[in-house]
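The values are calculated or read from the model by the stated rules, or taken from the named source; none is laboratory data. Because the structure is predicted, anything quoted here is derived from the model rather than measured. Counting neighbours? That spans all protein chains shown, and the Cβs are built from the backbone with ideal geometry, glycine included.
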């Protein structure tokens, strides 16, 4: 069983699937969307994320650049193959094998 906490907090780890369909570890910088009366946000809500750039050319003296993506919807609301967030347990085997790989 996975002991990781799945909470809607700033700084929470999520998976951001970039526009090319490559999943990346990301941190939430803000949650937005549907809020229940108890204050919990539902999975259909969106967020802004920060992640390590997948383009090897985007590197400087400090290492890979950190990129941001805004208004990222949950995978359940995205018909395209990328540009969505999900929890790590929502990745399939193929996606897990591509986690954080460089763009080609």
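Below is a table of values for the structure above.
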quantity: Residue within segment 55-67 that is under 19 Å from residue 6 (Cα atoms), out of contact with any helix residue (DSSP H, G or I) (no Cβ under 6 Å at 6 or more places or on another chain) and modelled with pLDDT under 85 present; calculated: no
quantity: Residue 42 being touching a strand residue (DSSP E or B) at 6+ places or on another chain (Cβ under 9 Å) and at pLDDT below 70; calculated: yes
quantity: Selection from segment 81-104 of residues that are in a loop (DSSP other than H, G, I, E, B), over 23 Å from residue 5 (Cα atoms) and free of Cβ contacts under 8 Å to residues at least 12 places away in the same chain; calculated: 104
quantity: Close pairs (6 angstrom Cβ cut-off, 6 or more residues apart or separate chains): farther than 14 Å from residue 99 by Cα in segment 51-64, surrounded by 10 or more Cβ atoms within 10 Å (Cβ to Cβ) anywhere; calculated: 56/102; 58/65; 64/52; 64/53
quantity: Residue satisfying all of: in segment 52-79; part of a loop (DSSP other than H, G, I, E, B) and loosely packed, with under 10 Cβ neighbours inside 10 Å; farthest from the chain's Cα centre (by Cα) among these; calculated: 61
quantity: So residue 52, is it touching a strand residue (DSSP E or B) at 6+ places or on another chain (Cβ under 8 Å), under 12 Å from residue 15 (Cα atoms) and at pLDDT 90 or above; calculated: yes
